[in-house]
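In what follows, a single structure is set out as structure tokens and then discussed.
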Amino acid sequence: MMWLLGRLIDRDLAESILGDFEECARQRYPRSPTRAALWMWRELVGVVIAAIAERVRSKVLSPAVTRRRETSSRASRWVADFCQDTGYAGRMFRRNPGSSLAAVLTLSLGIGCTTAIFSIVNVLLLQSLPYEGSDRLVQIAERLPRDAGGGEAGATSAIEAADVPALRARSRTLSHVGIHRRSTHTLVGPAETVRLAGARVSPAIFDMLHAQPLLGRPFHADEETLSVEQPVILSFGAWHKYFHADPEILTRRVLLDGESVGIVGVMREGFYFPDRQTEIWTPFVLGPVVAGRLPVLARLRDGVALQMAQDEINSLLSRLRPQSAPGVGSVDGLPRFAVVHARDALSAPVRPALTVLTIAVGLVLLIACTNVANLLLARAIGRAREISVRRALGAGRFRLVRQALTESVFLAVIGGIAGIVLAVGMIEILQVLGVGLTRRDLGPALSIPRLDEVRVDGFVLTFTSIVSAFSGVAFGLIPAIAQSRSNAMNCLRSDSTARFGMSGRRPIQGVLIVGQMAMAMALLVAAGLQIHSFAKLSSIDPGYDPSNVLTFQVLFPDDAGPPTFAEDFVTEVQRLPGVRAAGYSSSLPMVQSAFISPISRTPVPPQRHPALGSSPTPEFPDTRSVSRGFLDALGVRIIAGRGLSPEAQSAGRPEILINRAFARSGYLGSDPVGRQVYSSERLVEVVGVIEDVRQFGLDQPADPQVFGLAVGGGGQMYYAVRNSGSPTSQVADIRYIVRRLAPGAGLYNVATMDQIVASSIGRRRFYAVLMATFAAIAATLAAVGLYGVVACAVLRRTREIGIRVALGAHPRRVLGLIMRDAGVLIGTGLLLGVSGAIALTRSFDAMLFDLTPLDPATYAVVAIFFTLVSLTAAFAAARHAASADPVVALRSE
């Protein structure tokens, strides 16, 4: 025991402890040596154990504890330093409110625009459709060669209805296959007759969308045939709007399209298919009489890849088609049948534009960061002495960089918060700007799809937070490194001779401002092209005068109305005060419908027929029926001959009008007026030529058209009323006339012609406004940045300028000296900007009308405009130097 204790502690100390224990044992047990010995050994064992524990603690545990304490101390020190840096950043914000608020405002513009555009990109390109398992939903389409009726080689359309049963029966990659088609229905409600936007869908559609009704049931598979009664399902909105959320709706029958039908279900709130305008669904009856091409929606089986499904469908359907059928096999080297994700098909029309807008808003953010970096560089120069003192007192480079980055991230966080608020407002404005008239008869939606779903959600907030943090580091890193590398002795001495140009002692500011101006120039060119294109499109003569024209349709309970309603109605409307002309037609300009009818110079009709989807030709023109006053109501000009005569029509001498495009074709000779031709085997006379009417859009050329006199009118007619005042001022009077002539009838699709035309170019206007906004922000930031750099350079060169003026330099010479350096920056930025604009606008062809991405006039105008703005900003900062008092300048330091 003595040996072990001696090894653990000092031997002399061990012997001293043993002697003390013996003395204590004799005193405690003087009459019992045995008990004294046991007590002494017990105490010695305790001492040995304590010695061993101390040795283990000192040799093993102590380093770990020390490291843990050091780590804890380091973490506490980091937290303390972070709190100290953040507090110092807050004090710097309060000490320099002007520059700090300018930085926050600049960042909020960049981050706000970025957040708003990313919110749109998130919904259209990243988020799934609002259906369960929507990533498995696909659309099937067929590429058609030109001679197969596609109208254009390689065009994509829906597939033949006859192919659907084969897909359902034989496909091993698709779990569901359904057809859908938009439709309209007449509902005789308890209060009035209304027109509903509907959709005919296969029962499989609701199954593949996992859509369960709020009330009732979905369609059954056997309801896809005519052998059973056709039920209907209401949308949540239609249930509330037309039936006041009647809980007993499933027990009621309604009059739909003149037939009594039962309501079997009400869908849940928020569900829509195929678009948000759909208010009612009916089963799609797929029978032997159904023909033509139909849009097909399908769901991939679990574990099946998109390419696997496409290969199977191409193999399956190609075997079913006769080999002599046009288009069998590949089309232009691509598979005949294409399978695409439903989300991608929906966003395909706007994907190129969204890519351009994303690049544009990224440039705005870079310009904002560059501007703030220049601002912080100027602030760092003003704080050079402070930084030098801190370095002299022992602050390391890492500590200075961390402090500077904390200040920049602090500004970025505030700018990010302000940017989110700005983005919310921008999204609301964009939703108003990007939504046009939601009417089925105007063809595919010309607005941005799913724009009403755009929100600043958690994912967007996360993106904004990352962008804010990255921006703070990006624009703060250069000033942080610059001030940490500054020479303490030079900063403590007076040094105001630094230039701000590309070759000066501080070239970083020049580099930043050149990059900023180059990006702004590229954005201005892109915006200039968009604005120029939109201006050209807006100035197109549509062939009629859309101002002060009200258009509408009349809805009858029996979908036909009284036989003489149209003429009686127009006669009554023309008696209203202020009405200058009124009429009706089978269609309106911008309404996406056309009726192809053959025109022949001989009684023998043409042996060939127009291909499906092909454009009208002189032999097969677009034929429309109009009343006598319809062309006058629209303001269509007659350029040769005269108008249609109802008397000739009554006498059995039908007359037609042709448009300028038909007359120019030469199909009816050089002077077609008075020429008699055969229209659908009926002899008619051409009595006049009217101006070309842009029927399908301002960006679409006029096709050959024929106008005949309408006989009577039904529920499908469009009415036009030209008023001398506001076109909507007499809607109430017109509605009264309708109800008086046809009780139970009502108006729908009420809109002014100006609204219809504006809606047709809504998407192009959306792009032009966004690009113009981004370019205006970029140009403003670039001009402000240039002003700041020149002002900073003037401030640093105050002593030099004072000496020059004191030695006799004329103020104009001083002004020219500063403007020369600024001109180098402006010229370099413009040259780089033009190069960037050429690269940025390379994919602009689809977004421009009657304009090329290299339009020289746009480049020249933008370059002149930006040069003037930049020179004005530089002059505003430099003129203070020219008017400086030399005495004050020499005393500035």
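What the table below lists for this structure:
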quantity	calculated
Criterion (under 26 Å from Arg301 (Cα atoms) and either open to solvent by 50 Å² or more (accessible area, probe 1.4 Å) or without any contact (Cβ under 8 Å) to a residue 60 or more places away in the chain (or both)) met by exactly one of Ala245, Ala221, Ala238, Ala199	Ala221
Only one of Ser447, Ser496 that is among the polar types (S, T, N, Q), touching an Asp or Glu at 6+ places or on another chain (Cβ under 9 Å) and at pLDDT below 75	Ser496
Pairs with Cβ under 6 Å, 6+ apart, first in segment 415-442 and more than 18 Å from Asn122 (Cα to Cα), second among the aromatic types (Phe, Trp, Tyr)	Leu433/Phe766
Among (1) modelled with pLDDT of 85 or more; (2) among the hydroxyl-bearing types (Ser, Thr, Tyr); (3) in contact with a Pro (Cβ under 7 Å, 6 or more places away or on another chain) - the single one Ser235 does not satisfy	(3)
Selection status of Arg485, surrounded by fewer than 16 Cβ atoms within 10 Å (Cβ to Cβ) and either at pLDDT below 85 or within 13 Å of Ala116 (Cα to Cα) (or both)	yes
Qualifying residue in segment 503-522 (condition: among the aliphatic types (A, V, I, L, M), under 32 Å from the mean Cα position of the chain (by Cα), modelled with pLDDT of 90 or more and part of a loop (DSSP other than H, G, I, E, B))	no
Those strands (runs of 3 or more DSSP E) lying entirely in segment 667-736 with at least 2 residues at pLDDT 90 or above and within 48 Å of the chain's Cα centre (by Cα)	682-690, 705-709, 718-723
Leading residue by the ranking (least open to solvent (accessible area, probe 1.4 Å)) among those in segment 265-279 that are of a type in the set (D, E, K, R) and over 18 Å from Leu297 (Cβ atoms)	Glu279
Pairs, first under 14 Å from Val123 (Cα atoms) and open to solvent by 10 Å² or more (accessible area, probe 1.4 Å) in segment 346-358, second of a type in the set (Phe, Trp, Tyr) and modelled with pLDDT of 85 or more, C-beta under 9 Å, six or more apart	Thr358/Phe118
Options Arg682, Arg628, Arg637: the member that is in contact with a helix residue (DSSP H, G or I) (Cβ under 7 Å, 6 or more places away or on another chain) and among the basic types (Lys, Arg)	Arg628
Matching residues, segment 838-856, being of a type in the set (Val, Ile, Thr), open to solvent by 20 Å² or more (accessible area, probe 1.4 Å) and in a helix (DSSP H, G or I)	Ile838
Any chance Ser835 is of a type in the set (S, T, N, Q), modelled with pLDDT under 85 and open to solvent by 50 Å² or more (accessible area, probe 1.4 Å)	no
Residue within segment 76-84 that is at pLDDT 70 or above and assigned to a helix (DSSP H, G or I) present	yes
Output for segment 625-635, where each listed residue is crowded, with 23+ Cβ neighbours inside 10 Å and either among the charged types (D, E, K, R) or outside any strand (DSSP E or B) (or both)	Ser627, Phe630, Leu631, Ala633, Leu634
Matching residues in segment 679-693 - criterion: being in contact with a Pro (Cβ under 7 Å, 6 or more places away or on another chain) and open to solvent by 60 Å² or more (accessible area, probe 1.4 Å)	Ser680, Glu681, Arg682
Number of the condition not met by Trp281 [criteria: (1) assigned to a loop (DSSP other than H, G, I, E, B); (2) within 17 Å of Ala197 (Cα to Cα); (3) at pLDDT 90 or above; (4) not small (Gly, Ala, Ser)]	(1)
Given (1) within 32 Å of the chain's Cα centre (by Cα); (2) on the phi < 0 side of the Ramachandran plot, number of the condition Ile263 does not satisfy	(1)
All positions within segment 136-153 that are open to solvent by 10 Å² or more (accessible area, probe 1.4 Å), modelled with pLDDT under 90 and touching a helix residue (DSSP H, G or I) at 6+ places or on another chain (Cβ under 9 Å)	Ala141, Glu152, Ala153
Qualifying residue in segment 549-560 (condition: at pLDDT below 85 and assigned to a helix (DSSP H, G or I))	no
Residues (of a type outside the set (A, V, I, L, M, F, W, C) and either out of contact with any Phe, Trp or Tyr (no Cβ under 9 Å at 6 or more places or on another chain) or surrounded by 17 or more Cβ atoms within 10 Å (Cβ to Cβ) (or both)) located in segment 531-547	His532, Ser533, Ser538, Ser539, Asp541, Pro542, Gly543, Tyr544, Asp545, Pro546, Ser547
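The rows are residues; the columns are (1) out of contact with any Phe, Trp or Tyr (no Cβ under 6 Å at 6 or more places or on another chain); (2) free of Cβ contacts under 8 Å to residues at least 40 places away in the same chain; (3) crowded, with 18+ Cβ neighbours inside 10 Å.
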{"residue": "Val549", "(1), (2), (3)": "yes, no, yes"}
{"residue": "Val554", "(1), (2), (3)": "yes, no, yes"}
{"residue": "Asp558", "(1), (2), (3)": "yes, no, no"}
{"residue": "Arg575", "(1), (2), (3)": "yes, yes, no"}
{"residue": "Gly578", "(1), (2), (3)": "yes, no, no"}
{"residue": "Met590", "(1), (2), (3)": "yes, no, yes"}
{"residue": "Ser593", "(1), (2), (3)": "yes, no, no"}
{"residue": "Pro598", "(1), (2), (3)": "no, no, yes"}
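The values are calculated or read from the model by the stated rules, or taken from the named source; none is laboratory data. Every value quoted in this text rests on a predicted model; they were computed, and no experiment measured them. With ideal geometry, Cβ positions are generated from the backbone for all residues, glycine too; neighbour counts draw on all protein chains shown. Accessible surface areas use protein heavy atoms only, side chains included; no ligands, DNA or RNA. Shrake-Rupley method; radii C 1.70, N 1.55, O 1.52, S 1.80 Å.
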